[in-house]
1. Scan the strands (runs of 3 or more DSSP E) fully inside segment A:64-117 and keep the ones with 1 or more residues being modelled with pLDDT under 95.
2. Here is a list of conditions, (1) under 16 Å from residue A:108 (Cβ atoms); (2) touching a residue at least 40 places away in the same chain (Cβ under 8 Å), and residue B:111 meets all of them except one; can you say which number that is?
3. Before we move on, is residue B:82 farther than 30 Å from residue A:53 by Cβ and within 10 Å of chain A (Cβ to nearest Cβ)?
4. Answer with yes or no whether residue A:43 is part of a strand (DSSP E or B) and crowded, with 21+ Cβ neighbours inside 10 Å.
């Protein structure tokens, strides 16, 4: 079974640009979450999607947005990039049989490393 | 207050020895889940083990076991028979409101483990 895939793996952008990152969850998984990892702030939750609906959002500015498609693939978008947006962006997928059910496992992709110059 | 505290920034262990990585957590939610992840230098987060707050027994997965002490709010990871390939960052994470379907994970700052031959 293929794991979580994220594209692209590396990105270099300049300040003010926008970027779109993609995540394909494990086949059959319905929930996708996004995290930002930086040396200073560590791992921080961005948002979570289930059945094309955003169920939870972390404490990030509105420049960070996302969506989920009917095939569970998800994208996140960052507009008006700032230097501080340079980070490893990780996507996690979970089975989520029920919208409100517990999950014992969340599987992460390899991440997209974004560098903002 | 920190929700997840990992007090060991770095640890050394000899190959084939056991090592314990500490994790304490803070929550008033009766339903929560605790995760441990390994992050090698490649950046991918590898799921290791999960413990639910209502689980009566400590979780084990191969060489990994979780020493869950609920009253002390600690969830230490024990790696038995360390291998050179275990050298990596290890993160403890918590999911609160586990029975509401919210899947956001709160991560600790991590422990860098180095296994020495």
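1. Strands (runs of 3 or more DSSP E) meeting the threshold: A:87-94.
2. Failed condition: (1).
3. No.
4. yes
The values are calculated or read from the model by the stated rules, or taken from the named source; none is laboratory data. Note that this is a predicted model, so its numbers are computed, not measured. All Cβ positions, glycine included, derive from the backbone under ideal geometry; neighbour counts span all protein chains shown.
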